[in-house]
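A short write-up of the structure that comes next.
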Amino acid sequence: MDWIWIRHGMTEGNREKRYIGGRTDEELCKAGRQALEEKRSGGFYPPADRVYVSPMKRCLETAEILYPEAEKRIVEGFRECDFGLFERKNAKELAFLPEYQSWLDSGGAAPFPKGESPEGFKRRCKEALLLLSRKEKMPEKTAFVVHGGIIMALFSQFDEAVGGFYDYYTDNGAGYACSPGLKDGRLVFRNCRKLF
């Protein structure tokens, strides 16, 4: 069994390189929709019978474009990170904000001012996946349509190869596949690989 993890399609905020997190419920932009439709038509996405999806519009729309026939189940814990003061701003707009410089100096390890901490976010994602894996019998063909941060948080915690958080960055509409398994009674991701 493979789990397919796909980052939602592009939004206007993504195009403008803004921090678009759990506070901003943006829709896909026209170019984002077109890119997803082209890739789907080109056979880039593996089939899925069920899709677990973030409750945010950009993920719900992506899931509907890529898997119109599949059953969709919303997972509240897969909401994107709360970027606090940085939400809807880009690096240029934040350049002179002291809180932004402090956060950069921490290497991205400090909590987002008035938002979530990276450790709290990773813990939330992990708990959501573990709860889901305990209560659901997932079909052979299972996909997850989520945010880039969710993919990075989960793969950096569950991949047997043990990469760092930013090692699992993926572009809009792209993602990873993995084979879920158990090691010493714990969930692990095996054979992790980029989809394209």
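The values are calculated or read from the model by the stated rules, or taken from the named source; none is laboratory data. As the structure is a prediction and not an experimental result, all values here were calculated from the model. Note that each Cβ is placed from the backbone with ideal geometry, even for glycine, and that neighbours are counted across all protein chains shown. Ligands, DNA and RNA are stripped out before the accessible areas are found, and what is left, the full protein with its side chains, is counted by its heavy atoms. Shrake-Rupley method; radii C 1.70, N 1.55, O 1.52, S 1.80 Å.
Residue-by-condition table, conditions (1) free of Cβ contacts under 8 Å to residues at least 40 places away in the same chain; (2) assigned to a loop (DSSP other than H, G, I, E, B):
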| position | (1), (2) |
| --- | --- |
| Gly13 | no, no |
| Glu37 | yes, no |
| Lys92 | yes, no |
| Glu116 | no, yes |
| Phe121 | no, no |
Answer yes or no: is there a residue in the stretch 46-57 that is without any contact (Cβ under 8 Å) to a residue 60 or more places away in the chain and exposed (fewer than 14 other Cβ atoms within 10 Å of the Cβ).
no
Before we move on, is Thr142 open to solvent by less than 40 Å² (accessible area, probe 1.4 Å), in contact with a strand residue (DSSP E or B) (Cβ under 6 Å, 6 or more places away or on another chain) and not in a strand (DSSP E or B)?
no
Could you list all residues from the stretch 160-188 that are within 25 Å of Gly9 (Cβ to Cβ), open to solvent by less than 40 Å² (accessible area, probe 1.4 Å) and modelled with pLDDT under 95?
Gly163
Members of the stretch 66-99 that are open to solvent by 20 Å² or more (accessible area, probe 1.4 Å) and at positive phi
Arg88
Would you point out which residue out of Ala31, Ala63, Ala35, Ala110 is open to solvent by less than 50 Å² (accessible area, probe 1.4 Å), closer than 30 Å to Lys137 by Cβ and of a type outside the set (Lys, Arg)?
Ala63
Residue set Gly107, Gly173; condition over 25 Å from Arg50 (Cβ atoms) and not in a strand (DSSP E or B); output residue Gly107
Does the stretch 92-105 contain any residue that is of a type in the set (A, V, I, L, M), over 18 Å from the mean Cα position of the chain (by Cα) and under 26 Å from Val188 (Cβ atoms)?
no
Kindly indicate whether Lys194 is more than 13 Å from the chain's Cα centre (by Cα), open to solvent by 10 Å² or more (accessible area, probe 1.4 Å) and under 21 Å from Glu71 (Cα atoms).
no
